[in-house]
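To start, the structure under review is shown below, and the notes come after it.
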């Protein structure tokens, strides 16, 4: 056996002596460390949820957010509940988006629709509240029907109509929702006039339901834009519906597969046909501007242009659903037709 140098022997003895009390210290504090582990702390305490921006939900139909979890905090089948600051339960839908190797939750997604009127919420384990009006989804040959409890949308699985109709109660409020693409073969040049353009329509290759509620439903529609024999610019449309909402969200994703030197996109969007049932003077146009401003105009004026008829008739012209009565024959106070014909 070769001799052990004195320096190495002293180093080994010092390391062994230090390891003994250190291992004893770890064993002594093991229960307390386990009790204060991130997993147990996260499982026991509620998660505070606040808005990223002022104004809360705003005009959105609902909100979806995600929460990360440390390893081992929650099992894969854990349920969660959402409450406001005063303890009021908010309807919630939860699903897992990622797991740890041990099967515990790593990320969860949560959707809430109605009841998001507060500024702060708490997410806890428990049974979620059920919405007063659940979103339901039904499928049949060639179409998918989504009902939020307020509006009902019929979505096509083929053809050109993404959203075939949107009804509220027994009233149809929109129909024939379709994608429109405008393509031009050259860049506009002011010295040589405007480039010619052509129109392509979205053609559906398939549609499927990704979520069925009860708080949020998602429908995905895939296809390409077609004119004649050419089909290009693949698209994926996702429609998001929330329980109790009178609107839905549309997310439009495209993949450019054209020629960068010849295929220039002039316009891309969605069009709906809106049934017009009321008289022309009961139709109003509102255009949103910056901030909270709106430009409000009547399609057909009822006040005349010669004199100011007073605030009552002005108010009726912009917001009332009733035709103002004809007043005396005094100029400026009579109902005046403002339609015009192009000669």
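Considering 111, 98, the condition of being modelled with pLDDT of 90 or more, part of a strand (DSSP E or B) and surrounded by fewer than 15 Cβ atoms within 10 Å (Cβ to Cβ) is satisfied by 98 alone. Figure legend. Inter-residue proximity from the range 94-122: first residues in contact (Cβ under 8 Å) with a residue 60 or more places away in the chain, second residues part of a strand (DSSP E or B) and exposed (fewer than 12 other Cβ atoms within 10 Å of the Cβ), beta-carbon distance below 8 Å, spacing 6+ or different chains. Indicated pairs: 119/50; 120/48; 120/50; 121/48; 121/50; 122/48.
Somewhere in the range 78-92, is a residue within 24 Å of the chain's Cα centre (by Cα), surrounded by fewer than 17 Cβ atoms within 10 Å (Cβ to Cβ) and within 20 Å of residue 240 (Cα to Cα)? Checked against the condition, which is being within 24 Å of the chain's Cα centre (by Cα), surrounded by fewer than 17 Cβ atoms within 10 Å (Cβ to Cβ) and within 20 Å of residue 240 (Cα to Cα), the range 78-92 yields no hits at all.
Could you list, in sequence order, all residues of the range 184-200 that are closer than 22 Å to residue 270 by Cα and either at pLDDT below 95 or exposed (fewer than 15 other Cβ atoms within 10 Å of the Cβ) (or both)? Give the steps one after another, and end with the answer.
First, the residues of the range 184-200 that are closer than 22 Å to residue 270 by Cα: 184-185, 196-200.
Within the range 184-200, 184, 185, 196, 197, 198, 199 meet the criteria.
Could you go through the range 215-223 and let me know if any residue there is at pLDDT 95 or above, closer than 25 Å to residue 133 by Cβ and surrounded by fewer than 13 Cβ atoms within 10 Å (Cβ to Cβ). Steps first, answer last, please.
Within the range 215-223, the subset at pLDDT 95 or above is 215-223.
Going one step further and asking which of them are closer than 25 Å to residue 133 by Cβ, we end up with 215-221.
Keeping just the survivors that are surrounded by fewer than 13 Cβ atoms within 10 Å (Cβ to Cβ) gives none.
Within the range 215-223, none of the residues are at pLDDT 95 or above, closer than 25 Å to residue 133 by Cβ and surrounded by fewer than 13 Cβ atoms within 10 Å (Cβ to Cβ).
Please find, within the range 123-144, the residue that is farthest from residue 82 (Cα to Cα) out of those that are without any contact (Cβ under 8 Å) to a residue 24 or more places away in the chain and touching a strand residue (DSSP E or B) at 6+ places or on another chain (Cβ under 6 Å). Taking the candidates together, the pick is 143. Residue 58: under 20 Å from the mean Cα position of the chain (by Cα), under 29 Å from residue 246 (Cβ atoms), without any contact (Cβ under 8 Å) to a residue 40 or more places away in the chain and outside any strand (DSSP E or B), yes or no? It is true that residue 58 is under 20 Å from the mean Cα position of the chain (by Cα), under 29 Å from residue 246 (Cβ atoms), without any contact (Cβ under 8 Å) to a residue 40 or more places away in the chain and outside any strand (DSSP E or B).
Table: residues versus (1) assigned to a strand (DSSP E or B); (2) in the same structural domain as residue 114 (by TED's automatic domain parsing); (3) within 30 Å of residue 203 (Cα to Cα); (4) in contact with a strand residue (DSSP E or B) (Cβ under 9 Å, 6 or more places away or on another chain).
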position	(1), (2), (3), (4)
246	no, no, yes, yes
251	yes, no, yes, yes
256	no, no, yes, yes
259	no, no, yes, no
269	yes, no, yes, yes
290	no, no, no, no
296	yes, no, no, yes
301	no, no, no, no
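The condition (being more than 22 Å from residue 259 (Cα to Cα) and over 20 Å from the mean Cα position of the chain (by Cα)) is satisfied by just one residue among 184, 161: 161. Within the range 48-55, can one find any residue that is out of contact with any helix residue (DSSP H, G or I) (no Cβ under 9 Å at 6 or more places or on another chain), at pLDDT below 80 and closer than 18 Å to residue 84 by Cβ? Taking every residue of the range 48-55 in turn, at least one turns out to be out of contact with any helix residue (DSSP H, G or I) (no Cβ under 9 Å at 6 or more places or on another chain), at pLDDT below 80 and closer than 18 Å to residue 84 by Cβ. Taken over the range 132-172, residues that are farther than 19 Å from residue 205 by Cβ and assigned to a loop (DSSP other than H, G, I, E, B) amount to 9. Evaluate the range 224-239: report whether one residue or more is surrounded by 14 or more Cβ atoms within 10 Å (Cβ to Cβ), at pLDDT 95 or above and within 24 Å of residue 117 (Cα to Cα). The answer is yes, given that some residue of the range 224-239 is surrounded by 14 or more Cβ atoms within 10 Å (Cβ to Cβ), at pLDDT 95 or above and within 24 Å of residue 117 (Cα to Cα).
The values are calculated or read from the model by the stated rules, or taken from the named source; none is laboratory data. Quick caveat, the model's predicted, so the values are computed rather than measured. As a convention, Cβ positions derive from the backbone with ideal geometry for all residues, glycine included, and neighbour counts pool all protein chains shown.
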